[in-house]
Amino acid sequence: KNEVEQSPQNLTAQEGEFITINCSYSVGISALHWLQQHPGGGIVSLFMLSSGKKKHGRLIATINIQEKHSSLHITASHPRDSAVYICAVSQFGGTSYGKLTFGQGTILTVHP
Amino acid sequence: NAGVTQTPKFRILKIGQSMTLQCTQDMNHNYMYWYRQDPGMGLKLIYYSVGAGITDKGEVPNGYNVSRSTTEDFPLRLELAAPSQTSVYFCASGGTSSYNEQFFGPGTRLTVL
């Protein structure tokens with residue numbers, strides 16, 4: 001079993017829909033990261049969080065430390081949101097050195 | 001600031017050839033990382049460095065080597081390229097804490113034929 005599991009693996013939505021991507025992890029973490037990767041493109045950090053909730057524009061990330069679960073929400077989705085969304089965790093501990101363990105990614109396609 | 005830069009963007013190698021993937025960051029970050037991304041798979045850590053002169057293996061180090069002579073540069077060396085090393089390679093950097101955002105380079109797409 002992977003230490004970081006995302007669901008769904010693929011997600012198709014119509015423009016304007018509310019989207020949720022889920023991430024579960026099985027290790028102790030110091031932070032959870034949500035990353036975005038456009039087709040053929042680089043990787044951009046969207047959020048880093050260790051508790052509660054963060055919001056940036058139409059994107060909202062939440063984390064429940066007790067349940068080892070995080071969600072990424074996109075409100076009023078737009079075709080330009082089409083990308084791969086990647087959940088990653090940096091583990092707790094002095095020798096973790098910020099190394100990330102990644103989920104397999106969720107491929108989001110938003111149709112106009 | 002340019003952030004994290006990688007060269008080349010694309011490369012095709014023949015089996016058995018060698019090459020160096022270059023990575024440079026201008027954010028004065030101590031921590032740097034090399035990841036590979038295979039289709040349908042999550043990114044995997046190849047090597048990482050916590051400062052100049054200090055490197056260590058990640059999850060998939062076989063077939064690769066690294067060096068870190070300066071804070072800015074963290075090149076990845078492929079010796080005797082194999083088809084299994086066909087992948088997209090990302091370099092990243094971050095501050096000196098496990099609670100730090102990582103900044104990724106644009107990636108190098110490598111094909112070994």
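The values are calculated or read from the model by the stated rules, or taken from the named source; none is laboratory data. The structure presented is a predicted model; accordingly, all values stated were derived computationally and were not measured. Ideal geometry is used to build each Cβ from the backbone, glycine not excepted, and the neighbour counts take in all protein chains shown. Ligands, DNA and RNA are stripped out before the accessible areas are found, and what is left, the full protein with its side chains, is counted by its heavy atoms. Shrake-Rupley method; radii C 1.70, N 1.55, O 1.52, S 1.80 Å.
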Kindly list, by first and then second residue, each pair from a residue in the stretch B:90-102 that is open to solvent by less than 40 Å² (accessible area, probe 1.4 Å) to a residue that is assigned to a loop (DSSP other than H, G, I, E, B) and modelled with pLDDT under 90, limited to pairs with Cβ atoms under 6 Å and residues at least 6 apart or on different chains. B:Gly94/A:Gly98; B:Gly94/B:Asn100; B:Ser98/A:Ser96; B:Ser98/A:Gly98
Consider B:Tyr35 carefully, then state whether it is crowded, with 18+ Cβ neighbours inside 10 Å, of a type in the set (Ser, Thr, Tyr) and modelled with pLDDT under 95. no
Could you list, in sequence order, the residues of the stretch B:75-94 that are in contact with a Phe, Trp or Tyr (Cβ under 7 Å, 6 or more places away or on another chain) and either within 19 Å of A:Ile43 (Cβ to Cβ) or within 12 Å of chain A (Cβ to nearest Cβ) (or both)? B:Leu76, B:Tyr89, B:Phe90, B:Cys91, B:Ala92, B:Ser93, B:Gly94
Can you report the number of residues in the stretch A:23-44 which are touching a strand residue (DSSP E or B) at 6+ places or on another chain (Cβ under 6 Å) and over 22 Å from A:Pro79 (Cβ atoms)? 9
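Residues checked against (1) facing chain B (nearest Cβ under 10 Å); (2) assigned to a helix (DSSP H, G or I); (3) surrounded by fewer than 15 Cβ atoms within 10 Å (Cβ to Cβ):
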site: A:Ser70; (1), (2), (3): no, no, no
site: A:Ser77; (1), (2), (3): no, no, no
site: A:Arg80; (1), (2), (3): no, yes, yes
site: A:Ile86; (1), (2), (3): yes, no, no
site: A:Gly98; (1), (2), (3): yes, no, no
site: A:Gln104; (1), (2), (3): yes, no, no
site: A:Val110; (1), (2), (3): no, no, no
Kindly establish whether A:Tyr25 is open to solvent by less than 40 Å² (accessible area, probe 1.4 Å), within 22 Å of B:Gly107 (Cα to Cα), more than 8 Å from chain B (Cβ to nearest Cβ) and of a type outside the set (D, E, K, R). no
Examine the stretch A:49-57 for a residue that is under 28 Å from B:Tyr89 (Cα atoms) and buried (at least 20 other Cβ atoms within 10 Å of the Cβ), and state whether such a residue exists. no
With the checklist (1) within 22 Å of A:Val89 (Cβ to Cβ); (2) within 11 Å of chain A (Cβ to nearest Cβ) in hand, flag the one item B:Arg109 doesn't pass. (1)
Please find, within the stretch A:58-68, the residue that is nearest to B:Cys91 (Cα to Cα) out of those that are within 14 Å of chain B (Cβ to nearest Cβ) and buried (at least 18 other Cβ atoms within 10 Å of the Cβ). A:Ala61
Among the listed residues B:Leu21, B:Leu13, B:Leu43, identify the single one that is within 13 Å of another protein chain (Cβ to nearest Cβ) and either under 12 Å from the mean Cα position of the chain (by Cα) or not aromatic (Phe, Trp, Tyr) (or both). B:Leu43
